[in-house]
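Asker: Pasting in a structure now, in structure tokens, and then I'll have a few things to ask.
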């Protein structure tokens, strides 16, 4: 490797500033091909350009410097790819959270947000095929996907849409009991799937439209309606997935019923 590029030339070719190149030298991340012993001037080789470009791209993706070093030092291409892939997954998760927050804020800050219709509905006792467990809040989505897949494998389409029952502790402490179910007159007992009888209940029900990025806003509106109508919450929240990603890829068409078990309805409080 023959040094022939001044630090300024190398900076122009790689879009890494002189200051950044000096910092990378000091940290040992990207060493010059040569350093003049009397002047301290750094020289770089043409062969280092791709390395610098890789560093540039990784830093644009906010890959931490120790991880960048791991990529550069890995001899096995699979090891390098694994480090980058893991960071990309992290970025995608952050992007999903950002999109969800933006969606919620847009809805909350709308000049005249569309009202959510809430009604009290008497839901009879129901026999369902169910999968249930205690789950951490941040693990609900993958757990839910696995539970629904198992229900599909055991009872197929069942006799109605998939629903969920979510213990209050899930939202209050970050861990609680979750039950995912599908109506089924004669549920089999196979694997995690078993028969459950959901008790009769009065629900304050509203329909959330679209994906779940801002479903917390609908939850808030249902809760406000419950409070305004002098109701008391009497049990775990229920959700019914009337239309979802398993039915259509069009998120605008998704419909999720949110039902809060309530009692002590005040006079004239059944409807909005």
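The values are calculated or read from the model by the stated rules, or taken from the named source; none is laboratory data. Please read these numbers as outputs of a predicted model, since none were measured by experiment. Cβ sites come from the backbone with ideal geometry, for glycine too, and all protein chains shown count toward neighbours.
Asker: Out of 154, 205, 193, report the one residue that is crowded, with 17+ Cβ neighbours inside 10 Å, within 21 Å of residue 255 (Cβ to Cβ) and either assigned by TED's automatic domain parsing to the domain that holds residue 249 or under 20 Å from the mean Cα position of the chain (by Cα) (or both). Even if it seems obvious, please write down each step before you answer.
Answerer: Working: 154 fails: within 21 Å of residue 255 (Cβ to Cβ); 193 fails: within 21 Å of residue 255 (Cβ to Cβ).
One residue alone meets the criteria, 205.
Asker: For a quick check of your reading: which helices (runs of 4 or more DSSP H) sit entirely within region 1-100 and have at least 3 residues that are loosely packed, with under 14 Cβ neighbours inside 10 Å and modelled with pLDDT under 80?
Answerer: By residue number, no helices (runs of 4 or more DSSP H) qualify.
Asker: Got a sec? Which of 216, 211, 133 is in contact (Cβ under 8 Å) with a residue 12 or more places away in the chain, within 23 Å of the chain's Cα centre (by Cα), surrounded by fewer than 19 Cβ atoms within 10 Å (Cβ to Cβ) and under 19 Å from residue 119 (Cα atoms)? Lay out the reasoning, then the answer.
Answerer: Numbers: 211 fails: under 19 Å from residue 119 (Cα atoms); 133 fails: under 19 Å from residue 119 (Cα atoms).
The conditions single out 216.
Asker: Somewhere in region 116-126, is a residue modelled with pLDDT under 85, in contact with a helix residue (DSSP H, G or I) (Cβ under 8 Å, 6 or more places away or on another chain), surrounded by 11 or more Cβ atoms within 10 Å (Cβ to Cβ) and on the phi < 0 side of the Ramachandran plot?
Answerer: Residues of region 116-126 that are modelled with pLDDT under 85, as a first pass: 116.
Now drop any that are not in contact with a helix residue (DSSP H, G or I) (Cβ under 8 Å, 6 or more places away or on another chain), which leaves 116.
With the extra rule that they be surrounded by 11 or more Cβ atoms within 10 Å (Cβ to Cβ), the set shrinks to 116.
Keeping just the survivors that are on the phi < 0 side of the Ramachandran plot gives 116.
Yes, that holds for at least one residue.
Asker: Same structure, new question: Could you list, in sequence order, all residues of region 137-171 that are modelled with pLDDT of 90 or more and part of a loop (DSSP other than H, G, I, E, B)?
Answerer: Matches in region 137-171: 161, 162, 167.
Asker: If I ask for residues that are in contact with a helix residue (DSSP H, G or I) (Cβ under 7 Å, 6 or more places away or on another chain) and in a helix (DSSP H, G or I), which ones from region 172-225 would you list?
Answerer: Residues satisfying the conditions are 213, 214, 216, 217.
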